[in-house]
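Just so you know, all these numbers are worked out from the coordinates, no wet-lab data involved. Computed from a predicted structure; not experimentally measured. For neighbour counting, all protein chains shown are included, and Cβ atoms are generated from backbone atoms with ideal geometry for every residue, glycine included.
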Amino acid sequence: MAHALTVNGRDVEVEVPPFYPLAVVLREELGLIGTKTGCFEGRCGACVVIVNGRTVASCLYPVALAEGAVVRTVEGLADSDERLSDLQRAVLEHGGVQCGVCTPGVLMTLTNLLETNPAPAEDEVRSALSGNLCRCTGYQGIVEAALSVAGGAS
Amino acid sequence: MTVAIGDSSPRIDGEAKVRGTALYGIDYEEPHYLHGKILRSTVPAGRITKLDTSEAVKIPGVLAVVTAEDVPGRWGHVTVDQPVFATDVVRYEGEPIAAVAAETWNQARAALRAIVLEIEPLEVLGTMQEAMAEGARLLHPGWESYRNHFNTPREGNLAAIVDLRRGDIDAAFAKANHVIEDEFEVQRHHQASIEPRVCTARFENGRYVIHTSTQWPFNVRDGTAGYLGVRTSDVRIVVPTVGGGFGGKLIPTLEPAAALLARRSGRPVKLVNTRKEEFLSGCPRENAVVRVASAVTSDGEILGHRSEVLMDNGAYGGEQPVVAGLAPLMLCSNYRMGAISHTTKLVYTNTPPTGPFRGVLATYCNFALERHADHIANELGIDRREFRLRNIYVDGDESATGQRLEGVAFSDALERLDEVVPWPGLGARRHPYQGVGIACTVWNTNSMPSGASVKLNEDGTATLISSATEIGTGAVAQGLPQIVAAELGLDAGDVVVSRPDTDLAAYDGGAQGGRTMFMAGEAVLGAAREVRDQVLDAAALKLEADRGDLELADGVARVAGAPDRQVSLAAVARAELFRAGPVTGAGRHTHPPVSFDTGCVTGSVMTTFTGASYHVHLAEVEVDPETGEVTILRYAVAQDVGKILNPQAIRGQIYGGVIQGVGYALFEDLRLDEGICLDWGFASYRLPTALDVPPIDVVLLEAEDPVGPHGAKGVAEAPIIPVAAAIANAVSDAIGKPINSIPITPFTVLEALNA
Amino acid sequence: MATRYGDIPELIRASTVDEAAAELARLGEDGEVIAGGTWVMLGPLYRRPTRMHYVAVGHLEELRHIDAGGGSIGAAATHTDLAALDGELAVLAQAARGTPTAIGNVATVAGNLCASPYPAADLVPALLVLDATVEVAAGSERSELPLSEFLAGERPQPGTLVTRCVTHAPTGSRSRYERLTVRRGGEEAVASVALSVDFDGEVVASARVAFGSVEELSARCPQAEQELTGKPLSEESAAAAGEAVAAQMEARDGLDAPGWYRLKVLPALVKRAARQLTGS
Ligand code: FES
Ligand code: FES
């Protein structure tokens, strides 16, 4: 079955069964390995991408539901191949990346948060991250990064 | 900008990680690879009465099915007790029984379903108590015939027995004013790296080439070769980006099966654990029971200390017999204890094998020791901090095994912590159900050896070739290149680091025990210094200057104070190429032996501290007496790191370690019921979220180590260790009742309050 | 990973509510609704049976529509859609906010009502205290039934489509949802309370109380409601309400929490909710 969607601004069509998780389609059909999968339970958040302006756990999102949708993944975040986005730079500057396997999901969650709420308070940042597990960093660098970008924007 | 020691130099893998282009084990694929899957036992104990794979092999797309018949050998880090696939007996739920490889994931799954497996259940020895009972069934009836690399004592269902005796314990207890006893119980704790274990194997030219997400490529090489019965050099391990380890990726797990499937099918094979398989197949930190008794005088001097640790090994030994040897060092530690009598028993059970997790048994030995210290202090009516100050190690004191300790930073740590969070003040502003706790620990830096080489490239940059493995800590992505850059006067961006590859680089003892900066760092420093030597010689020649007047900075060699007399490292490298050959250096390092009282301990191969570091943690908590919820109001860490090499990386390790400790202390719990794993997903196995993080103050101390590079010690492992103890002491203080088991869930707290 | 490649053959994307209802009626036992997808996609992992055909309705604007004034909540409104509600419906917004964003963005009202067994469904107690009715389409027929009745039946009822809920909270009533978790968040509640109260001056004129996650299925609690009614809302009356219920309930033991604990914390939960309502 063919499914048409827009991923990082590019129109794509994939020929897969309807219940293929979007995460698998992104990774295996479209080569967008930036989206990670850590549980297939909707609980780790490594697979979070933005669909039509809202974050979803792409491991639990059947590709057929993304028909015609606008999907954004970590690969679409940087300003260019030279320049990272402010948030990407900030998580590196604040030590918010260690093993990095949670990072794509964290970046998508925070990107979406900052787009909908440009100046979140610390507790809002932490709440927004409650579905993104990071086993390495203790979250401190991640939260500081988000707040620094929010501060810059306000 | 030239990088210096002490800078927060950035991660060299950072950009790829935030762009999503870093290639992890789960992302790594080889052309035309097959999907592998493992058939695992659904029962914890039984005899295989039928295993028929004949239908599975007929499924279209299935290219290989393997069972114990294909790989009869056993392997073990210490005791050679574990097969790749269960042979006739199944010893834990999740134990591999067969593996398949097929063109598609669905075909592989269909093949698994087509295997006919019948298991006749055996009595389940699901707990240590059951396995240790008089006349209990032997988990390994042939245990005596298993080879044991270190000849450590074993007996039936006891996979290892460690004993330590020093001084006259009976006299100490006879003389004491008080004998204070405690028993503690702790749960299993899973590493739960977000990237599961995964590998891709191929068979070429008679060798196995395996790309795997591991922390210790050489151990996986040796183990895989051991299982397969081939020479270690017949296995090549290459490590893609690793998505977290924490000890869970030290030993071979999927690699031997993948290797075998690749050989049988003639195609590359990829095996990935599901999250459920991650939980089922181990190797979590073991559940354990700790019993302690101290003989003390009325003014709080400890005359003698008796202790026993029971560690659940699960079905197979793994690294655990080595870990067990560390118990007396960690439990009979921190304080001058007088006479010591200690026994640790490592017990085989019908449960998934346990294994190393950051801090290994120190997390709970420290929990027991520091809860016990509070108990003694309270019992004697001595302030808990004061009790510690009276007894804690100072320079010249001896460890449990009689090692003389120098550079002990405990008193310093307690003092510095007090400047941040004054102890007397804590009592004064306490509300009901608020409490405070401290916990101290000494910790060891793993001293497995390392080698490395550095080459100066013809453009003046440097390449570090090492099998030290980056698992997220920054030790390889920040620290090692920082050492090279600082030595050669380069930018952080001017040092490239090779992937770990057992064909390419010298032996390395793995990303464990905080050793990468400590041991690999010293080897790298040696290699970089050789390069530096060659550069200085060549530059002196070229600049007609005295070698001693030269400095390396900003990518050039120059005469100090005469900036016009300089030559670029690129020019040096190119000139040297034809004068003497490429500029390249090698370094190697092993830790000098440490003397101790060799007669006092049996069953242990970890008898002394190397790169000992000192830590004090403080937790301030509030308990809701109606719901049992524990809120950590504030947390503080004073940590001796030897020498601050990269402050940002250190801070990240402390935050991350403390939060893992918070999970361990408050809710992470891998529960088993009659050998059946109850918590096999993130739905019930609770990892800390961003909401569970308390505010943390960090104080760094620098008690330089005589061996570590620039005086550095291991940093990353220890921050998890005292957390459970500090929190449990604080909660006990808050509710006025002892908390002697973890996790301290709201249920435990309410139970304690209502008891 | 169990759900990775899914075994379910067909997903039918309905273009109107009527078409969805007709498809479901035609499919009967073979069909089921899919909206956000989380419950269906997790099915294999928890060994829940899956159907042959799923009818997708999450994208239908009509089903997502929320008319706060009229108390009409579209069946496919997501937790995130609900999070902005206030006034009489505040309890629903608070209940919705407990779900992590990436799940709350897709998980729907009807999904919460139809998921079974799912004792921790946050929206259920919230809708119960709002006296919600459920509108169900069976083919071209539409009918409305009280939520409690809907919950008592087979869920989802084969061949049918939930189209919306209609709340019937007294005008001016105030409501609150309190959930208790072991971690600070990011997980299902081990116990929760929904409280909706209307006041006559200081005095509680009527109260509606329901608990989540305690029993297999949430229900209204007349004993608790009685304890609260006819007096000012206070710590004492709240605790008494919690205790009255705890004495009557049979709590479930689960991996997330033991049953006794769920009962033990009920007074504290009601107190928290009451404190929020009285602003003390
Ligand atoms: S893989 Fe989707 S939430 Fe973990
Ligand atoms: S950086 Fe490793 S899980 Fe977040």
Q | By average C-beta atoms within 10 angstrom, highest first, the peptides B:349-359, C:47-57 | A | B:349-359, C:47-57
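Take peptide B:20-29, look around each residue's Cβ out to 10 angstrom, count Cβ atoms belonging to other protein chains, and average those counts.
5
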Q: Return the calculated 222 nm mean residue ellipticity for chain C, to the nearest 500 deg cm²/dmol, obtained by summing -39500 (n - 2.57) across DSSP H runs with n ≥ 4 and dividing by the residue count.
A: -8500 deg cm²/dmol
**Q.** Amide H contacts under 5 Å for residue B:553, placed H, 5+ residues apart
**A.** B:558
Q.
Report for the range B:299-400 the percent antiparallel among DSSP-assigned beta bridges with both residues inside it, nearest 5.
A. 10
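Looking at this model, which pairs from B:249/B:713; A:36/B:17; B:643/B:713 are more than 18 angstrom apart at the alpha-carbon?
B:249/B:713
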**Q.** Mean Cα-pair separation over length for the range C:174-278, i.e. relative contact order, pairs under 8 Å, 6 or more apart, %
**A.** 27
Q) Taking H as built 1.01 Å from N, whose amide H comes closer than 5 Å to the amide H of residue B:697, not counting residues under 5 places away? A) B:635, B:636, B:637
**Q.** Alpha-carbon centroid distance for the pair the range C:33-55 / the range B:647-677, whole angstrom
**A.** 33
(Q) Show me the three semi-axes of the equivalent ellipsoid for the range B:531-645, from the C-alpha gyration tensor (sqrt of 5 times each eigenvalue), largest first, rounded to whole Å. (A) 52, 26, 13
Q | 21 Å Cα-Cα reach of residue B:455 towards lysines, excluding residues that sit fewer than 8 places from it in its own chain | A | B:542
Q) With each label point set 7 Å from Cα along the Cα-Cβ vector, what nm distance links residue C:50 and residue B:118? A) 3.2
Q) Which distance in nm do the two modelled labels at residue B:69 and residue A:117 give, with both placed 7 Å along the Cα-to-Cβ direction? A) 6.1
Q: Taking chain C as the reference, fit the longest principal axis to its C-alpha atoms, fit the long axis of helix C:17-27 to the helix C-alpha atoms, and give the angle between the two in degrees, 0 to 90, nearest 10.
A: 70
Q | Label-point separation in nm, residue B:590 to residue B:183, each point 7 Å along Cα→Cβ | A | 4.4
(Q) Taking just the alpha-carbon atoms of the range B:144-288, what radius of gyration and Dmax come out, in angstrom? (A) 21.1, 72
Q | Stretch gain in nm, segment residue B:755-residue B:42, where the contour uses 0.36 nm per residue and the Cα spacing is subtracted | A | 252.9 nm
Q) Summing Lys, Arg as +1 and Asp, Glu as -1, what charge do residues with Cβ under 15 Å from the Cβ of residue B:500 carry, residue B:500 excluded? A) -2
Q | Exposure proxy ranking, count of Cβ atoms within 10 Å, fewest first, for B:276, B:58, B:17 | A | B:58, B:276, B:17
Q. Relative to the first principal axis of the alpha-carbon coordinates of chain A, what is the inclination of helix A:103-116, with its axis defined by its Cα atoms, in degrees from 0 to 90 and to the nearest 10?
A. 80
Q) Given a Förster radius of 25 Å and the C-beta distance between residue B:386 and residue B:633 as r, what FRET efficiency does 1/(1 + (r/R0)^6) yield to the nearest 0.05? A) 0.65
Q | Order by protection proxy (mean Cβ within 10 Å, highest first), peptides B:312-325, B:122-135, B:387-400, C:168-181 | A | B:312-325, C:168-181, B:387-400, B:122-135
Q: From the C-alpha gyration tensor of the protein assembly as shown, pull out the three semi-axes of the equivalent ellipsoid (sqrt of 5λ each), sorted largest to smallest, in whole Å.
A: 48, 37, 32
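Report, in cubic angstrom per residue, the convex hull volume of the C-alpha atoms of the range C:10-56. Working shown, then result.
Values: hull volume 2.8 nm³, N = 47.
Hull volume normalised by residue count: 60 Å³.
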Q: Grab the other residues whose beta carbon is less than 13 angstrom from that of residue C:220, score K and R as +1, D and E as -1, and report the net.
A: -3
(Q) So for chain A, averaging the separation of alpha carbon pairs under 8 Å that are six or more residues apart and normalising by length, what relative contact order in percent results? (A) 24
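Please report the equivalent ellipsoid semi-axes of the range A:86-150, computed as sqrt(5 x eigenvalue) of the Cα gyration tensor, largest first, in whole Å.
Semi-axis lengths for the range A:86-150 are 16, 12, 10 Å.
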Q. How many Cβ atoms of partner chains, on average, are near each residue of B:575-588 if near means within 10 Å of its Cβ?
A. 0
Q: Out of all DSSP beta bridges with both ends in chain B, state the antiparallel percent to the nearest 5.
A: 80
(Q) Checking the a/c ratio against 1.5 first, then a/b against b/c, what shape does the Cα gyration tensor give for the range C:43-152? (A) rounded
**Q.** For chain B, average projected area of the Cα convex hull in nm²
**A.** 34.0
Q. Using the Cβ atoms and a cut-off under 10 Å, what net charge is assigned to the surroundings of residue B:3, where Lys and Arg are +1 and Asp and Glu are -1?
A. -4
Q) Taking Rh as the Kirkwood radius computed over C-alpha pairs, what is the Stokes-Einstein D of chain A at 25 °C in a medium of viscosity 0.890 mPa s, expressed in µm² per second? A) 158
Q. Taking the Cβ-Cβ separation of residue C:142 and residue A:124 as r and a Förster radius of 35 Å, what is the calculated FRET efficiency to the nearest 0.05?
A. 0.30
Q. What percent antiparallel are the DSSP beta bridges of the protein assembly as shown, to the nearest 5?
A. 80
Q: Name the aspartates and glutamates eligible as straight-distance cross-link partners of residue B:58: C-alpha to C-alpha under 17 Å, and not fewer than 8 places from it in the same chain.
A: B:103
(Q) So for each of C:199-207, B:472-480, B:222-230 I average, over its residues, the number of other beta carbons within 10 Å; can you give me the resulting order with the highest mean first? (A) B:472-480, B:222-230, C:199-207
(Q) Can you work out the Karplus-derived ³J(HN,Hα) for every residue in the range C:242-250? Use 6.51 cos²θ - 1.76 cosθ + 1.60 with θ = phi - 60°, whole Hz, and x for glycine or proline. (A) x, 5, 4, 6, 4, 5, 9, 8, 10
Q | Tail weight of P(r) past 34 Å, computed on alpha-carbon pairs of chain C, percent | A | 18
Q: Would you mind calculating the relative contact order of chain B from Cα pairs under 8 angstrom and at least 6 residues apart, reporting the percent as a whole number?
A: 17
(Q) Rounding to the nearest 10 and keeping the result within 0 to 90°, find how far the Cα-based axis of helix C:266-278 lies from the longest principal axis of chain C. (A) 80
Q.
What are the ³J(HN,Hα) couplings of the range C:57-69, residue after residue, when phi is run through the Karplus curve with 6.51, -1.76, 1.60 and θ = phi - 60°? Round to Hz, x for glycine and proline.
A. 10, x, 8, 7, 4, 4, 6, 8, 5, 10, 10, 4, x
Q: Using every Cα-Cα pair within the range C:174-278, state what percent have a distance larger than 24 Å.
A: 18
(Q) At 222 nm, what value in deg cm²/dmol follows for chain B if DSSP H runs of at least 4 each add -39500 (n - 2.57) and the sum is divided by all its residues, to the nearest 500? (A) -7500 deg cm²/dmol
